[in-house]
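Encoded as structure tokens, here's the structure I'll be asking about.
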Amino acid sequence: MPDRSSPRMTFFQPGASPDGPRQACPFCGCDQPASPRYPAYACATCCEKATDAQGRRLEFFNESVFGGLAARYRDTGEPYQGGGQCFIDGIECQAVEGRFGGIVIQPRVRAG
């Protein structure tokens, strides 16, 4: 079982600190630094569970030090062509490039 006492963030957030405001991961419920910009971000452990619609595991990353969102299949390393669409625990999500770098995955919110 992973150590949930100090979850890693998957993006850079200025001012985030272990003693600051907290929020729960929407998937596993672990306690993590709050983010007003990303109020429902997945913790790093849950991001590692991201899959495509067929259940193949994905890895999202920045294309370069200048940013850009990219993804590949964890089993083969081949590029993933689905943009930021992914699933965590069967819930449809969207991966985006974090404002200051890194990757953010949040559940997709549907209107209506």
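Here is a list: Ala95, Ala16, Ala53, Ala71. Which entry is among the small types (Gly, Ala, Ser), in a loop (DSSP other than H, G, I, E, B), at pLDDT 95 or above and touching a strand residue (DSSP E or B) at 6+ places or on another chain (Cβ under 7 Å)?
Just a single option satisfies the conditions, and that option is Ala53.
While we're here: If the Cβ limit is 8 Å and pairs must be 6+ apart or interchain, which residue in segment 63-79 that is on the phi < 0 side of the Ramachandran plot and of a type in the set (A, V, I, L, M) pairs with which residue that is surrounded by 14 or more Cβ atoms within 10 Å (Cβ to Cβ) and in a loop (DSSP other than H, G, I, E, B)?
Listed by first residue and then by second, the contacts come to Leu69/Gly84; Ala71/Tyr80; Ala71/Gly84.
Also, quick follow-up: Restricting segment 74-92 to residues that are assigned to a loop (DSSP other than H, G, I, E, B) and polar (S, T, N, Q), which is farthest from Tyr38 (Cα to Cα)?
Residue satisfying both the conditions and the ranking: Thr76.
The values are calculated or read from the model by the stated rules, or taken from the named source; none is laboratory data. Only a predicted model underlies this, so the values are computations on that prediction, with no experimental measurement involved. With ideal geometry, Cβ positions are generated from the backbone for all residues, glycine too; neighbour counts draw on all protein chains shown.
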